[in-house]
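First comes the structure, then the notes that go with it.
The values are calculated or read from the model by the stated rules, or taken from the named source; none is laboratory data. Just so it is clear, the model here is predicted, and its values are computed rather than measured. All Cβ positions, even for glycine, are placed from backbone atoms using ideal geometry, and neighbour counts span all protein chains on display. Side chains are part of the model used for accessible areas, which takes the heavy atoms of the whole protein and leaves out ligands, DNA and RNA. Shrake-Rupley method; radii C 1.70, N 1.55, O 1.52, S 1.80 Å.
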Amino acid sequence: MADLTTEFLGIKSPNPFWLASAPPTDKEYNVRRAFEAGWGGVVWKTLGAEGPPVVNVNGPRYGAIWGADRRLLGLNNIELITDRPLEVNLEEMTRVKKDYPDRALIASIMVPCEEEAWKKILPRVAETNADGIELNFGCPHGMAERGMGSAVGQVPEYIQMVTEWCKQYYDRPVIVKLTPNITDIRYPARAAHAGNADAVSLINTINSITSVNLDQMAPEPMIGGKGTHGGYCGPAVKPIAMNMVAEIARDPQTAQLPISAIGGVTTWRDAAEFIALGAGNVQVCTAAMTYGFGVVKEMITGLSEWMDEKGYASIQDFKGMAASNVTDWQYLDLNYVTKAKINQADCIKCGRCYAACEDTSHQAIAMSEDRVFSVKDEECVACNLCVNVCPVEGCITMEEVPTGQVDARTGEVVSGEYGNWTTHPNNPMAAE
Amino acid sequence: MAHSHQASGIQAGRLTADDIATNFEDLHHPFDAHEAAVAADRCYFCFDAPCMQACPTSIDIPQFIREIQGGQPTAAAKTILEQNILGGMCARVCPTETLCEEVCVRETAEGKPVEIGRLQRFATDTLMEKGVHPFTRDATTGKKVAVVGAGPAGLSAAHRLAMKGHDVVVFEHKSKAGGLNEFGIAAYKSTNEFAAREVAWLMQIGGITIEYDKGFGKGLTLDGLKADYDAVFLSIGLAGVNTLRAAGEDKDGVRDAVDFIEDVRQADELSALPVGRNVVVIGGGMTAVDAAVQSKLLGAENVTIAYRRGRDAMGASRFEQDLAASKGVKLMFNVMPREILGNGASAEIELEYTQVVDGRVTGTGETTRLAADQVFKAIGQTLEGAPQGLALVGGKIQVSDTGRTSVDGVWAGGDCASGGEDLTVTAVAEGRDAAMDIHASLMG
Ligand SMILES: Cc1cc2nc3c(=O)[nH]c(=O)nc-3n(C[C@H](O)[C@H](O)[C@H](O)COP(=O)(O)OP(=O)(O)OC[C@H]3O[C@@H](n4cnc5c(N)ncnc54)[C@H](O)[C@@H]3O)c2cc1C
Ligand SMILES: Cc1cc2nc3c(=O)[nH]c(=O)nc-3n(C[C@H](O)[C@H](O)[C@H](O)COP(=O)(O)O)c2cc1C
Ligand code: SF4
Ligand code: SF4
Ligand code: SF4
């Protein structure tokens, strides 16, 4: 069986599945149960400065979107950082770390953007013997209004500054958690790197309104007739998170920066994909909040099964393998020609490919009297829409037109030679 | 009184009233909103959907299912009812396994179609429970149309004609409307007086009067109607039944299945309805299955359907055959009745095995006997009471695609007319189409 142990920033854990800083990691009771269930590590629910803790709303704090069978696809929340006293959290962290020395325990922190505040809390955290800290620069609601969370994460200079303070006053690994509520994720990542961060973790939640109550004319979750934007997470955000992870992994300035990937990890496959894009481990919140801590078991067995099948002995063996294949559009091979092909034996004749292509794309699918659907090679631009709308997986495939054959649409022979936009004759800026 | 399957002869109360009530509950329990959402999600919204083509009333099925997906079952109901005003009944009684669901691409792909019928019921029930009638009448045209027979065909035509602004008088032989919806459809398909409720709901359109206990043979003539009305629509169904032509057919205990079913449908208290201990049903269609299953549900000990051809030739669909079998009905194929034996009342039936030679059924000479204190004849209905002077074809009133008969100003549809299968949904389609043609010719 594959070895799932990971060493992230020198922190060992039996598997790459950590619980993200959120309600699942809010207290000792939860975290002990999580470790018993098999989670490799936890990032404790974000701690605030000493003194009276923040308060949460007393009405609903989550909104959601669902599939038809109430499968939860996206969750949104307006919860703040921990609403329990710092002292209590620190005591609990100390006890838990002592009892579970083989699991990772990271302290998530969010205090005001002042050196004093960080200088004050870091030694207290160090006393817990936590394996490292994560700086919450991501929370997009509530705390951001007070100049913390994503309000910091959106200003690269602040990220660098706070990271530097942490590196100065704390001697274990410092992870900077990034907000996705920004135009180009590479800037905050570079800032964290410049501040000497040991790693970045991403994504935190995305600003969102999940639904509008059309009777009361207010967004959900609704508190006494009003609502506010909340942070979006769960399966729906994974594509956004993956792009951001890949952007950092392939940016020359941050390529060496370790990444803890977060956002929509629900099954082993999500984790494998993030790791293939360069993440050293993954963090999970919504999947645990939806199904309970038991979901980690499938993540573990599923990942090791797949690794065995592929012959990967350890996580390290496939980490980052897909990162180098993420490139810019301009470098894609314009001489690579494919055509959709409908496998008639699998086709159930629903006509969706036809409706999609005929109404919205390139009129490249023919429909006969007796509902036989076939691709017109002379029209097909290989956009892949039919593949995506076909309800039968694998029924429509994209077949490469081999070198030397004529592309029926353009009438040109497929050269087989790599050629991209940078040298394309239509490109006014083309390099000679 | 003790309840017993084994009580001899034809007896009431073979089961407790509670057991009988349970037995006659909805064949398919209705969807709740969540089940409907999940079932609707399975629909692929096919292009030029095969299901829609297979529906005799051409309901836009992907459209109404999408409206359910969107959380608007009432909008879905309107989509259904625009095409099929008895969409509520059809949702319950259509043999979907041989219509829309048979050709659903998910049936072809996985053997598990989108449950169109139950979704249709969910939509129409939601609308009808709100008590609203979604259609309004056009300005009155001053034209009068007579409809003879208040079954599905007649009601469908009447509604469409009234909607188009004509004044409609429906003449009905019986003292209740609905035709076989009220008197023929199996009780577990139309529970809680649905047929009557649906008629009352349909009548909300206005402009329709039903005159009961009137019809051909009860004071009406076609010439009289033609003189008094601008157009006439005939929808008198098939009031006659075929005879067995077996010896002993006149013995007590031998009766038409449709009469028995009518008793079941009209019974105030099913546990008071007598049924035999040993019941034999002769026939192979929907009527045979319904008579057999309902006998069993009333507590008959042994119920056998005796059909003279093989399984594949049976009019009842495979689903209905399996339904019968699941209720404990025995299906016998390739047997025909020779004689009903018994002293005054039926006690036994002698069946002869058959073979089909060149499409014709002939006896093999080998016989067998079954105990039979009740024998139901379900070997087909025939046109009866149709006015003279109409051209017939295959024993039915000859009609064009839009229901025109050989007599000017007279249209016909439903079971009494040629063309189409004898189904509720076909009757609705034919009534609607004839109404549109009547409208066009009156306004033309
Ligand atoms: C037992 C049984 C079960 C069935 N089950 C199903 C089923 O599950 N699903 C399905 O789709 N179909 C089923 N059918 C078929 C379906 O009921 C008929 O196809 C449908 O009712 C035909 O409608 P219609 O309006 O033509 O005739 P009918 O429903 O027969 O209505 C005819 C009406 O005309 C009246 N009438 C008759 N003669 C006269 C006259 N001379 N003057 C005035 N009025 C007259 C009758 O009283 C009746 O009200 C079943 C039929 C039977 C017999
Ligand atoms: C209710 C809730 C509370 C959260 N609180 C915090 C928090 O205190 N600190 C933090 O860094 N992230 C917080 N998050 C963000 C998660 O740690 C995580 O980044 C995000 O949910 C994306 O991962 P997922 O798709 O697996 O849920 C919270 C998320 C949720 C749903
Ligand atoms: S999940 Fe628990 S705390 Fe939340 S609303 Fe339900 S019962 Fe209350
Ligand atoms: S979408 Fe797929 S299954 Fe449907 S007709 Fe096209 S190829 Fe066939
Ligand atoms: S054939 Fe089936 S899947 Fe296609 S539209 Fe009809 S019900 Fe939906």
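Taking the range A:271-286 as the range and being outside any loop (DSSP other than H, G, I, E, B) and buried (at least 22 other Cβ atoms within 10 Å of the Cβ) as the test, the residues that pass are A:Ala271, A:Ala272, A:Phe274, A:Ile275, A:Asn281, A:Val282, A:Gln283, A:Val284, A:Thr286. Within the range B:245-279, how many residues turn out to be buried (at least 18 other Cβ atoms within 10 Å of the Cβ) and either outside the structural domain of B:Lys330 (by TED's automatic domain parsing) or at positive phi (or both)? The qualifying residues number 2. Only a single criterion out of (1) more than 14 Å from every other protein chain (Cβ to nearest Cβ); (2) more than 24 Å from A:Glu358 (Cα to Cα); (3) assigned to a loop (DSSP other than H, G, I, E, B) is not satisfied by B:Ser58, namely (2). For the range B:41-52, a residue qualifies if it is free of Cβ contacts under 8 Å to residues at least 60 places away in the same chain and at the interface with another protein chain (Cβ under 10 Å from one of its Cβ atoms), and the qualifying residues are B:Asp41, B:Phe45, B:Cys46, B:Phe47, B:Asp48, B:Ala49, B:Pro50.
One line per residue, one yes/no per condition, for (1) open to solvent by less than 30 Å² (accessible area, probe 1.4 Å); (2) within 12 Å of chain B (Cβ to nearest Cβ); (3) part of a loop (DSSP other than H, G, I, E, B):
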{"residue": "A:Ser324", "(1), (2), (3)": "no, no, no"}
{"residue": "A:Ala340", "(1), (2), (3)": "yes, no, no"}
{"residue": "A:Gln344", "(1), (2), (3)": "no, no, yes"}
{"residue": "A:Ile348", "(1), (2), (3)": "yes, yes, yes"}
{"residue": "A:Glu358", "(1), (2), (3)": "no, yes, no"}
{"residue": "A:Ala366", "(1), (2), (3)": "no, no, no"}
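B:Arg309 falls short on exactly one of the conditions (1) open to solvent by 30 Å² or more (accessible area, probe 1.4 Å); (2) out of contact with any Ser or Thr (no Cβ under 8 Å at 6 or more places or on another chain); (3) closer than 28 Å to B:Lys396 by Cα; (4) assigned by TED's automatic domain parsing to the domain that holds B:Ile349, and that condition is (2). Within the range A:384-401, the residues that satisfy the criterion of being outside any loop (DSSP other than H, G, I, E, B), under 27 Å from the mean Cα position of the chain (by Cα) and away from every other protein chain (no Cβ under 13 Å) are A:Leu385, A:Val387, A:Asn388. Examine the range A:379-389 for a residue that is touching a residue at least 60 places away in the same chain (Cβ under 8 Å) and in contact with a strand residue (DSSP E or B) (Cβ under 8 Å, 6 or more places away or on another chain), and state whether such a residue exists. Within the range A:379-389 (the criterion being touching a residue at least 60 places away in the same chain (Cβ under 8 Å) and in contact with a strand residue (DSSP E or B) (Cβ under 8 Å, 6 or more places away or on another chain)), the answer is no, since none of the residues qualifies. Identify all residues within the range B:385-438 that are touching a strand residue (DSSP E or B) at 6+ places or on another chain (Cβ under 9 Å), open to solvent by 20 Å² or more (accessible area, probe 1.4 Å) and part of a helix (DSSP H, G or I); write none if there are none. Answer for the range B:385-438, where residues must be touching a strand residue (DSSP E or B) at 6+ places or on another chain (Cβ under 9 Å), open to solvent by 20 Å² or more (accessible area, probe 1.4 Å) and part of a helix (DSSP H, G or I): B:Asp415, B:Glu430, B:Asp437.
If you check A:Arg95, A:Arg84 for being open to solvent by 10 Å² or more (accessible area, probe 1.4 Å), under 24 Å from A:Tyr62 (Cβ atoms) and modelled with pLDDT of 95 or more, only one passes: A:Arg84.
Take B:Ala21 and decide whether it is in a helix (DSSP H, G or I), away from every other protein chain (no Cβ under 14 Å) and more than 25 Å from B:Val428 (Cα to Cα). When the stated conditions are applied, B:Ala21 passes them. Looking at B:Gly165, B:Gly179, B:Gly207, just one residue is within 7 Å of ligand 1 (Cβ to nearest atom), small (Gly, Ala, Ser), touching a residue at least 40 places away in the same chain (Cβ under 8 Å) and not assigned by TED's automatic domain parsing to the domain that holds B:Ala257, and that residue is B:Gly179. Within the range A:59-77, if we keep just the residues that are open to solvent by 30 Å² or more (accessible area, probe 1.4 Å) and touching a residue at least 60 places away in the same chain (Cβ under 8 Å), the residue that is farthest from A:Val125 (Cα to Cα) turns out to be A:Ile65.
Quick check: anything in the range A:126-138 more than 16 Å from ligand 1 (Cβ to nearest atom), over 25 Å from A:Gly263 (Cα atoms) and crowded, with 18+ Cβ neighbours inside 10 Å? Yes, there is a match, as at least one residue in the range A:126-138 is more than 16 Å from ligand 1 (Cβ to nearest atom), over 25 Å from A:Gly263 (Cα atoms) and crowded, with 18+ Cβ neighbours inside 10 Å.
Looking only at the range B:77-110, residues that are open to solvent by 10 Å² or more (accessible area, probe 1.4 Å), more than 14 Å from chain A (Cβ to nearest Cβ) and of a type in the set (Gly, Ala, Ser) come to 1 in all. Among residues of the range B:27-40 being assigned to a loop (DSSP other than H, G, I, E, B) and at pLDDT 95 or above, the one that is farthest from the other protein chains (Cβ to nearest Cβ) is B:Pro30. Can you pull out every residue in the range A:145-169 that is outside any loop (DSSP other than H, G, I, E, B) and either open to solvent by less than 10 Å² (accessible area, probe 1.4 Å) or closer than 12 Å to A:Met110 by Cβ (or both)? If the condition is that a residue be outside any loop (DSSP other than H, G, I, E, B) and either open to solvent by less than 10 Å² (accessible area, probe 1.4 Å) or closer than 12 Å to A:Met110 by Cβ (or both), then A:Arg146, A:Ser150, A:Ala151, A:Val152, A:Gly153, A:Ile159, A:Val162, A:Thr163, A:Cys166 are the ones that fit.
Could you please find all residues in the range A:24-57 being open to solvent by 30 Å² or more (accessible area, probe 1.4 Å) and aliphatic (A, V, I, L, M)? Correct list: A:Ala49, A:Val55, A:Val57. Among the residues making up the range A:185-211, a single one is without any contact (Cβ under 8 Å) to a residue 60 or more places away in the chain, open to solvent by 30 Å² or more (accessible area, probe 1.4 Å) and assigned to a loop (DSSP other than H, G, I, E, B): A:Asn196.
Of the residues making up the range B:97-112, those that are in contact (Cβ under 8 Å) with a residue 40 or more places away in the chain, more than 16 Å from ligand 1 (Cβ to nearest atom) and not basic (Lys, Arg) are B:Val103, B:Cys104, B:Val105. Looking at B:Cys55, is it crowded, with 20+ Cβ neighbours inside 10 Å, within 16 Å of ligand 4 (Cβ to nearest atom) and in contact (Cβ under 8 Å) with a residue 40 or more places away in the chain? No; evaluated as a whole, the condition is false for this residue.
Per the listing A:Ala64, A:Ala49, A:Ala34, the residue uniquely on the phi < 0 side of the Ramachandran plot, in a helix (DSSP H, G or I) and small (Gly, Ala, Ser) is A:Ala34.
Has the range B:233-246 got any residue that is in a strand (DSSP E or B), more than 14 Å from chain A (Cβ to nearest Cβ), away from ligand 4 (no atom under 16 Å from the Cβ) and more than 30 Å from B:Leu298 (Cα to Cα)? Yes: one or more hits.
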